[in-house]
1. Out of the residues in the stretch 1-44 meeting the condition of being in contact with a Leu (Cβ under 9 Å, 6 or more places away or on another chain) and touching a residue at least 60 places away in the same chain (Cβ under 8 Å), tell me which one is surrounded by the most Cβ atoms within 10 Å (Cβ to Cβ).
2. Scanning the stretch 142-176 for residues that are charged (D, E, K, R) and outside any loop (DSSP other than H, G, I, E, B), which turns out nearest to the chain's Cα centre (by Cα)?
3. Go through the stretch 82-103 and report how many residues are within 18 Å of HIS141 (Cβ to Cβ) and either assigned to a strand (DSSP E or B) or among the basic types (Lys, Arg) (or both).
4. Against the condition farther than 17 Å from ALA37 by Cα, touching a residue at least 40 places away in the same chain (Cβ under 8 Å) and surrounded by 15 or more Cβ atoms within 10 Å (Cβ to Cβ), how does SER85 come out, does it pass?
5. Give me a count of the residues in the stretch 25-69 that are assigned to a helix (DSSP H, G or I), of a type outside the set (A, V, I, L, M) and either touching a Cys at 6+ places or on another chain (Cβ under 6 Å) or closer than 21 Å to LEU155 by Cα (or both).
6. Mind listing whichever residues of the stretch 108-127 are of a type outside the set (Gly, Ala, Ser) and surrounded by 14 or more Cβ atoms within 10 Å (Cβ to Cβ)?
7. Would you confirm whether any residue within the stretch 177-190 is at pLDDT below 95 and either assigned to a strand (DSSP E or B) or of a type in the set (A, V, I, L, M, F, W, C) (or both)?
8. Just checking, which of GLY138, GLY105, GLY159 is of a type in the set (Gly, Ala, Ser), closer than 21 Å to SER60 by Cα and surrounded by 15 or more Cβ atoms within 10 Å (Cβ to Cβ)?
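The values are calculated or read from the model by the stated rules, or taken from the named source; none is laboratory data. If you're wondering where the values come from, they're calculated on a predicted model, not measured in any experiment. All Cβ positions, even for glycine, are placed from backbone atoms using ideal geometry, and neighbour counts span all protein chains on display.
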Amino acid sequence: MTDPILLAEKARLRAEGFARRDALDAGWRRQASQDIAARVLALPELSGVEPVGAYWPMRSEVDPRPALAALAAQGRAIALSQTRSPLLVWRRWRPGDRLVHGGFGVMEPPDEAPELAPRALLVPLCRFDRRGGRLGYGKGHFDRSIAALGARHPLLTIGVAFSAQEADEVPMAEHDRRLDFVVTENEAIGTSGRAS
C-alpha cells in the first residue's frame, strides 16, 4: 500500500512540474531539445550502446527526435515505446517510419514493427532530482519497464528534461527506479550529483 502522504507530495510536485514545463516558450523548448540532444550524444556511457529506446514527444516534453536522428545516422538501432499495460513494448523505428496513435494519445510504431530490447533508454519525465529521482505521468509504465529490461541485461537510463523541472528531492516509493543520468539544456547530471 502506497503512503497517502507520499502520493500527495508526488501529485503536488507533478502539477508544479507540468506547469513549469508548459510555461516555457515553444521556440526555447525546441532549441533546448537540440542542446539536450548534443549533451546526450556526448555521454561516453552511451557510446556504441544499442538498441537505444526512446519515446515520441507529446505536449511540452523534451523532443528526443534530434538525438534519435543523430543516433540513426550513426547506424544505431532505435526502438520507440509502444504503450501496453503494465509494461511498455519497444519496437524498431527509423526516421520516416510510419507511426500510429497509441495509448494516452502517444504516437508509436505499429504492431508489425520488430520488437527490440533496448540497452539504453531516453526517458521522459515531469520532475527530477540530482540523485536520479524521477516523476513521470504517474502510471508507472517506465518504472516497470526499466525494472523488466534491467533484469534481462545491463541498462543505461538517461532522463531528458528542462532545467526548470528540477526539484530539491523527488520522493521515491519502493517500485520507483532511479536514473543513471538526467540531461538538461545546461548539463548532464550523474546520479551521484556529479556533472559531466
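1. Filtering first and then ranking leaves VAL40.
2. Per the criteria, the residue is ASP143.
3. Looking only at that region, the number is 9.
4. So SER85 does not fit the description; no.
5. The total comes to 4.
6. Selection gives GLU108, PRO109, LEU116, PRO118, ARG119, LEU121, LEU122, VAL123, PRO124, LEU125, CYS126, ARG127.
7. Yes, the stretch 177-190 contains a residue that is at pLDDT below 95 and either assigned to a strand (DSSP E or B) or of a type in the set (A, V, I, L, M, F, W, C) (or both).
8. GLY159
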